[in-house]
Amino acid sequence: MIEKPLTSVDVEFVTTLHGDEPVSFVVLMQPRGDQDRLLRAIDDVALGELDEAVHEAGEPEGPAAKAPAARALEHSLASLRSTGSQAVGQIVEDHPLDLLKSVVDEVGADEVIVLTAPHYVEEFFHRDWASRARHKVGVPVLKLFAHSEEAHSE
């Protein structure tokens, strides 16, 4: 499960997590939602990114977030496939944890990777996707923090 496009660092990390074992991915892209704007702003403030907190209101959300999410998903799938991995995916419409559980069951997944930005408020209360998924999917859930291309282009 991802919230933004995978960076080259993210792709390298997830495709090499299990050494030389062949891996395939089912990527679920969670578009930004109206309900988490305040939490994102608090996280931005906690990270010292005040400019980001101010601009949260200008980020597309809800239905407007679907087109950017679809582009992010396609970019991520192409990046994974470029490494020789199999990758399919879909946008999460409703009930993300139910969808995640059904995908895990349908494909016989060995593990779930939740690749996300830090969400300090949700993590503190164990309401982040990884914590919630651990109680739902029946396989190990690995939580990773997504990388930023800007941070690694220096």
With a 1.4 Å probe and every protein chain left in place, tell me how much accessible area Thr83 has, in Å² to the nearest 10. 70
Under-5 Å amide H pairs with Val137, H placed in peptide plane, nonlocal only: none
For Lys136, the lysines lying under 23 Å Cα to Cα, once residues fewer than eight places off in the same chain are dropped, come out as Lys4, Lys101
Please give the peptides 131-137, 73-79 ranked by average Cβ packing (other Cβ atoms within 10 Å per residue), highest first, as a rough proxy for protection. 73-79, 131-137
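The values are calculated or read from the model by the stated rules, or taken from the named source; none is laboratory data. The model shown is predicted, which means the values in this text are computed figures rather than measured ones. Quick reminder, even Gly has a Cβ in these numbers, built from the backbone with ideal geometry, and neighbours come from all protein chains shown. What goes into the accessible areas is simple: the full protein's heavy atoms, side chains included, and nothing from ligands, DNA or RNA. Shrake-Rupley method; radii C 1.70, N 1.55, O 1.52, S 1.80 Å.
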